[in-house]
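See below for the structure under consideration.
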Amino acid sequence: MNGAESLIRTLVGGGVEVCFTNPGTSEIHLVAALDQVPEIRCVLGLFEGVVTGAADGYARMAEKPACTLLHLGPGLGNGLANLHNAGRAQVPIVNLVGQHATYHLRHDTPLKSDIEAIARPCSKWLRTSVSASAIGRDAVEAIIAARTPPGQIATLIVPADVAWSDRGTVAALPDLPRPPMPPTTSVEGAVAMLRSGSRTAILLSGNVLYGKGLATAGRIAGATDAKLFAPYPATRLERGAGIASVERIQYVLEMGIEQFKEFRQLILVGAQAPMAYFAYPGKDSVFTSPDCKIHTLASPGEDYIGALEALEAALSLRGTQATGDREERPQLPDGDITLPGLAAVVGALLPENAIVVDESMTSGRGMMAATKGSLPHDWLGNTGGSIGIALPLAVGAAVACSGRKVLCLTADGSGMYTLQALWTMAREGLDVTTVVFANRDYAVLKREFSYLGVGKPGPRALEMFEIGRPDLDWVQLAKGMGVPGTRVTSLAGFAKALRRGFESEGPTLIEVPL
C-alpha cells in the first residue's frame, strides 16, 4: 500500500466521508487512491474558494469534518478567504495540500512556494508528512486536531514522493477529546447574575444555538427573563415557530449599542463580547454600556451544552418549559418589489426544516424578522466577513443534508466571487434555490463611506462601489453553469419562482433586480 492509499483509508476510518477537491499534478496519486476507495464521496469545485467554503458548510451541518484536496501553494492560496471564514466559524476541516516531491524542490520550479507559510494563518494544526509509513498517523492527528472542540482547521501537506512511496499503513482513530467543563465558579457566577434581578443578556455561540443546547438556553431564559442573543453572524442558528427566541446582534454600530443599552449583565457562552466590525472616528466600538458586568460561563473550547445544563440544574429549573417564538407567518404580499415585500415572501413560503444560507447584508436585512414565525429551520451566516461564501456554503450544506431544502440568499457583488459553485450544484444535483439580489452595487461600502465623515463619494469612489456597466445577467450566468434561472419583476413573480424552486429536486436561481 502506498502512502496515498493509507492516507485516504485512514481518513475514511476516522469518519471522513466527503472530499471537496480541485486537484493538480502533485496530487495525482491521492486522486488515484480516492478512485480506489468508494466510501469517500468526491465533490469537484472549479475554484478553490468553492472547495473550502463547501467544506465549511458541510461541517456546520454534519458536525464533523470533510477534507479538502488542494493543489500546492497557489491552490491553497485561492481557498484562503473561505478558510478564514471557516476558522471564524470554528468548524472542523482537514485540508490536504499537495507538494512537489521532496527531491524536486531544489530545482525551484515555477509552482514552488512556502506552503507552510501560506497555511499557517488559517491552520490551528499544520504538518508536512515526511514518509509513507508515517502519513497514516499524520492523518489521525489531523482528524483529532480538527475535531478538538470547538472545531479547528488542520492542514496536512503531502509531498508527491510520500504519496507514491510504499510502506503506507492505515492508522486507527482513538477516542476523540471531549470538551472540558468550565469551573464551578463560572456556573456560580452566572447563577448569581440570573438571581440578582438585573436585566441580563446571554450571548450564545457554537452548538448551543441549535438542538438540545438551544432548548436548555430557552428554558433558562424563559424562567429568568434573560434575553438570548447570537453573534452577527452565527455559524448555525436554529429558529422558527416554537424554537427558543434568539436575537441576532446588529451589524451597524449604533443599532448594536441600542440593542444592549438596557442590559446591566451579560453572560457569554463560547462567544466574545459584542463589538463593531470596524472602528469609526470618534466612536467607541463596544456595544455594551460601561456599567454592564460581563461574565464568561463557558470559554471557547469548553463544554457549552454541559455548562448550560449545569446552570439549569443550579437554578433548579428542571421540568420548566422553554418559551419559543410565537410570531405569525407573514401573508403573501403582492405588488412591486420592495425589500420588506421580498422578506415577507420568504417568510410565508420557507419550508419546514429548510437551511437558509445568508450573505444578503443589505438587501436581506429584514429576512430574519420576517421568518421568525416560519416553520423550524437553520440559518447559516458569513462568520468571517470575507465575501463570496454563500454559494459554496450552500453546496456543503446540501451535500451534508440531502433530504433538506437549501435557500441561498446572496447578492450580485458577493456572488461573483464564487459563482463557479453553481456548476457544482448542477453537477451534483443539489437541492439549492439561490436568490441573487442584483442591486449592481457594493452597497455596504456606500454605507460605510457615509459613516466615516468624509462627505459623499465622488465619481472615482462610485466607480469602485458600483458594478454596473455592463450589468451582470445572472440568468445567463446560471444557464452557462447548468442551473435554470429566472428574473422576476414583481412580488407575485418572486413568490411563484420561489415556490417552484422549493418544489424542484435540483438547483434553481432567481435574479431579483433592485
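What to note about this one:
- Hey, residue 297 touching a Ser or Thr at 6+ places or on another chain (Cβ under 6 Å) and crowded, with 22+ Cβ neighbours inside 10 Å or not: yes
- Evaluated against (1) surrounded by 17 or more Cβ atoms within 10 Å (Cβ to Cβ); (2) under 26 Å from residue 215 (Cα atoms); (3) over 14 Å from the mean Cα position of the chain (by Cα); (4) modelled with pLDDT of 95 or more, residue 353 falls short on exactly one condition, (1).
- Considering each residue of the stretch 204-220 in turn, none proves to be more than 30 Å from residue 387 (Cα to Cα) and without any contact (Cβ under 8 Å) to a residue 60 or more places away in the chain.
- Qualifying residue in the stretch 451-464 (condition: out of contact with any helix residue (DSSP H, G or I) (no Cβ under 8 Å at 6 or more places or on another chain), at pLDDT below 95, part of a loop (DSSP other than H, G, I, E, B) and of a type in the set (Asp, Glu)): no
- In the stretch 357-449, counting only strands (runs of 3 or more DSSP E) that sit wholly within it, the ones holding 3 or more residues that are touching a residue at least 60 places away in the same chain (Cβ under 8 Å) span 377-381, 432-438.
- Taken as a whole, the condition of being under 26 Å from residue 353 (Cα atoms) and either in a loop (DSSP other than H, G, I, E, B) or more than 21 Å from the chain's Cα centre (by Cα) (or both) applies to residue 250.
- Qualifying residue in the stretch 184-196 (condition: touching a strand residue (DSSP E or B) at 6+ places or on another chain (Cβ under 9 Å), hydroxyl-bearing (Ser, Thr, Tyr) and part of a strand (DSSP E or B)): no
- Criterion violated by residue 16 - all others in (1) among the aliphatic types (A, V, I, L, M); (2) farther than 30 Å from residue 390 by Cα; (3) touching a strand residue (DSSP E or B) at 6+ places or on another chain (Cβ under 6 Å) satisfied: (2)
- When we screen 154, 171, 163, 221 for residues that are among the hydrophobic types (A, V, I, L, M, F, W, C), touching a His at 6+ places or on another chain (Cβ under 6 Å) and crowded, with 18+ Cβ neighbours inside 10 Å, the only hit is 163.
- Residues of the stretch 476-500 satisfying the condition of being crowded, with 17+ Cβ neighbours inside 10 Å, in contact with a Leu (Cβ under 8 Å, 6 or more places away or on another chain) and not hydroxyl-bearing (Ser, Thr, Tyr): 477, 478, 481, 483, 485, 491, 494, 495, 498
- Screening 21, 10, 102 for residues that are without any contact (Cβ under 8 Å) to a residue 60 or more places away in the chain and β-branched (Val, Ile, Thr) leaves exactly one candidate, 21.
- Residue 494 fulfils the conditions (1) in a helix (DSSP H, G or I); (2) more than 17 Å from residue 439 (Cα to Cα) except for a single criterion, (2).
- Scanning the stretch 197-235 for residues being outside any strand (DSSP E or B) and not small (Gly, Ala, Ser) gives a total of 16.
- The lone criterion from (1) surrounded by 13 or more Cβ atoms within 10 Å (Cβ to Cβ); (2) farther than 21 Å from residue 152 by Cα left unmet by residue 206 is number (2).
- Those residues of the stretch 18-46 which are crowded, with 18+ Cβ neighbours inside 10 Å, assigned to a loop (DSSP other than H, G, I, E, B) and over 18 Å from the mean Cα position of the chain (by Cα), in sequence order: 23
- Residue 343 meets each of the listed conditions (1) part of a loop (DSSP other than H, G, I, E, B); (2) more than 17 Å from the chain's Cα centre (by Cα); (3) not acidic (Asp, Glu) apart from (1).
The values are calculated or read from the model by the stated rules, or taken from the named source; none is laboratory data. Quick caveat: nothing in here was measured; it's all calculated off a predicted structure. Note: ideal-geometry Cβ built from the backbone for every residue, glycine included; neighbour counts use all protein chains shown.
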